[in-house]
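First comes the structure, then the notes that go with it.
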Amino acid sequence: HDGAGVLCFCVQGVSMSGSGGVAYAAARGVSGAFAQVVEQARQALAEQGFGIMSEIDVAAALKKRLGVDYPRTLILGACNPTLAHEALQIVPDVSVLMPCNVVVREGSQGGVEVAIVDPVALARVVGHPGFDAIAAEAGRRLALALAAIP
């Protein structure tokens, strides 16, 4: 990561995901059962001012639509209303990149992993200088939430 994303520096044991040399997410393994980790993630996000706007049960959707099994994966659409409002005032079309996704998933070895989107990477796509500081603050708060999950 190039240092613009605060995620690398705030979360110990984090791995970055991306392609083409561009990181777009941070993830780490956490302790606890799946349902427990989901609740811990909700609490940690709430402490950083994020509400959950949407939930997608990926495994259930794939089972229902395609009949395939997939490890438990829950996408939480997290939104900090203050930061979202500021962003929308600057770049209304940024709404297509909202909310910030936080994923709780079962790992291949049976553990649980939590992943967060890197808003700084999304800011590069938006390309508006006024959005950069908002994305950095969202990233800082998401990283703190990720770090708070045991």
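Just a few scattered comments:
- Among (1) surrounded by fewer than 19 Cβ atoms within 10 Å (Cβ to Cβ); (2) in contact with a strand residue (DSSP E or B) (Cβ under 6 Å, 6 or more places away or on another chain); (3) over 19 Å from VAL30 (Cα atoms), the one test that ALA121 misses: (1)
- Breaking point among (1) modelled with pLDDT of 95 or more; (2) under 22 Å from GLU106 (Cα atoms); (3) among the aromatic types (Phe, Trp, Tyr), for TYR24: (1)
The values are calculated or read from the model by the stated rules, or taken from the named source; none is laboratory data. Just so it is clear, the model here is predicted, and its values are computed rather than measured. Note that we place each Cβ from the backbone using ideal geometry, even for glycine, and neighbour counts take in every protein chain shown.
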